[in-house]
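Structure first, then comments.
The values are calculated or read from the model by the stated rules, or taken from the named source; none is laboratory data. Model, not experiment: these values are computed from the prediction. A quick note on method: Cβ atoms are made from the backbone with ideal geometry, for glycine too, and the neighbour counts reach across all protein chains shown.
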Amino acid sequence: PINSENVEMSDNSQFQWIEPRDPGSINWYGLWTLYKKEVQRFLKIFLQTIAAPIATTILFMAIFKLALGNLRPDINGVPFVEFLAPGLIMMSILQQAFNHTSSSLLIAKIQGNIVDILMPPISAVEMNIAISMGGVTRGIVVALASLPCIHFLFVELSIEHMWAIIFFSISGSLLLSQLGIITGIWSEKFDHLGTITNFIIVPLSFLSGTFYSVERMPGFARVLIDYNPFFYVIDGFRYGFIGASDSSIIFGVYFITFLNIGMWILNFYLLKKGWRLKT
């Protein structure tokens, strides 16, 4: 039998005492490691995750500028292409943030390596922060790469309100990252992910005032747009560049902040319970 008298404990012993984690502490190293893994995941497939959305944005700009040119009247006091550019950039941010978090969780579930995230001593809060910040980072990287391309190729963009650009780009990408986490947790196959993308994300993106002013929409459509978070994010982001908006910017700030808080609480509950992750 082994007891305290015949086990020699020393600095070179193979027996080491590991201090338990404090319930209220934050595992900063684990949080950073998971975040770095999420960032490296999309950087390794740069052509698909960064170059492709930039090319799509440039293609949209080229089509609208070549097809319409100066035929479209000014919108909110600015030329149409100047009105269009921020909306296209923001739409790309939102789609890429959603694609990152939703595909990250779904692929991990399908491949069976979701256990690599669930087993380490990482809390639901830390997991939520790391994964969602990975989506935010991907969206911001796409935006930073798209801006100079549009600026030098199509239209010179000026900055009127930097705070609006920063707030709506981060809060908007965070909102779609949170929605992507919910989708990734719920989805069990790529068909489920495609359903959410095609019937929710894409319609909300195109019905958000990206290509037009919502003032031109009929009454029943305007009611739907008033409850579309994509509209407030894109309108607020565009406001940072052109200084004009179709809605109340302050209301948009409160609305998007409220949605982010609600999504955050819901994701914390789902990750804490391990719904569709541990079964």
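Odds and ends about this structure:
- Selection of the range 194-210 for residues being assigned to a loop (DSSP other than H, G, I, E, B) and touching a residue at least 40 places away in the same chain (Cβ under 8 Å) yields SER208, GLY209, THR210.
- Of all residues in the range 159-172, those satisfying the criterion of being touching a Phe, Trp or Tyr at 6+ places or on another chain (Cβ under 9 Å) and closer than 22 Å to THR56 by Cα are ILE165, PHE168, SER169, GLY172.
- Qualifying residue in the range 93-105 (condition: in a helix (DSSP H, G or I), touching a Lys or Arg at 6+ places or on another chain (Cβ under 8 Å) and under 16 Å from GLU188 (Cβ atoms)): yes
- Residues being part of a helix (DSSP H, G or I) and either surrounded by fewer than 24 Cβ atoms within 10 Å (Cβ to Cβ) or without any contact (Cβ under 8 Å) to a residue 40 or more places away in the chain (or both) - total across the range 71-85: 3
- Taken together, the criteria exclude ILE159 from residues that are at pLDDT 95 or above and either in a helix (DSSP H, G or I) or farther than 30 Å from LYS278 by Cβ (or both).
- Subset of the range 1-58 (residues that are modelled with pLDDT of 90 or more, of a type in the set (Lys, Arg) and surrounded by 10 or more Cβ atoms within 10 Å (Cβ to Cβ)): LYS36, LYS37, ARG41
- Hey, LEU176 under 17 Å from SER103 (Cβ atoms), part of a helix (DSSP H, G or I) and in contact (Cβ under 8 Å) with a residue 12 or more places away in the chain or not: yes
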